[in-house]
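What follows draws every value from the coordinates through simple rules; no lab data is involved. Bear in mind the structure is a predicted one, so any value in this text is a computation, not a measurement. Glycine also receives a Cβ, built like all others from the backbone with ideal geometry; neighbour counts cover every protein chain displayed.
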Amino acid sequence: MPGEADGNFLYLGMHVRGPVTSVRDGAGIPLRPNDLVFCDPARRHLLRFGDDCRMVFFRIPRCALGVTEPELEQVVGVPVPGDEGLGALVSDFLSALAAKAEFRRSTIGDRRARTAVHLLSVLVVELLETDTADAAADASRGGNETLSRIRAFIEEHLMDPDLSPESIARAHHISVRYLHKLFQNDGTTVSQWVRRRRLEACRIELGRSRRRFTVASVAHRWGFSSPSHFSRTFRGAYGMSPSQWQTLATSAFAPTAEGAR
């Protein structure tokens, strides 16, 4: 764990395994593998570690994130899910960096470190825009049995280009109006949920290093109407184009001339 003397730096912890709890406003939130959390070295007590736990910490100059100290106070200790949205993209990228020790003192390592700082600054902005009270309320409502069944159905039919509120409501013998109400109570819309899940599936497929798929083929396979629409939506969600993410992810995982020495 970082020392208190590192006052000019903030740390980002990435959970690997074992019981780790982030404490904020008196409430403890368990971290899951790949979850992220910003840490202040002066407040080490905000993270509680159990037996046989492991976290990887990345040191970031506070000034590099482009936000004020009061804004940083708002994000310290807030867990970021590492399996969805921008948190998943950041977690994947940092995992690749952590696995490549040779990057730490190399030109390519410096470039990827700058890319990581850019991603983290975007992540901080996203956290600042999130209403944590609404997020907690949404999570408590997520146990709705009907909504859970509908989400499972959506997962099974993400590749269906005809997936729509009408087809989803029909499959569950409910009205479209009631379907919209279920998602509205959970803080989102049907279309937003479908789009989010499709984007996450595309992000994972584009990031695979063994096979390189075209952006157009991935967009088509996961139900997007056109490559241009997919690219705009992807950039809006992750702050970069699909091709930029594909290049970033595959180059991070692929062996390089420097790494092969």
Query raised in the report: For THR188, THR68, what ranking results if the residue with the fewest other Cβ atoms within 10 Å of its Cβ goes first?
Result: THR68, THR188
Query raised in the report: Along each of its three principal axes, how wide is the spread of alpha-carbon positions in the range 156-209, in whole angstrom units, largest first?
Result: 43, 23, 12
Query raised in the report: For the range 137-253, what is the Kirkwood estimate of the hydrodynamic radius, computed as the reciprocal of the mean inverse distance between distinct Cα atoms, to one decimal in Å?
Result: 15.3 Å
Query raised in the report: Can you list the residues, at least 5 places off or on another chain, whose amide H is less than 5 Å from the amide H of ARG24, using H built in the peptide plane?
Result: ILE29
Query raised in the report: On average over all directions, what projected area in square nanometres does the range 9-130 have, based on the convex hull of its Cα atoms?
Result: 7.4 nm²
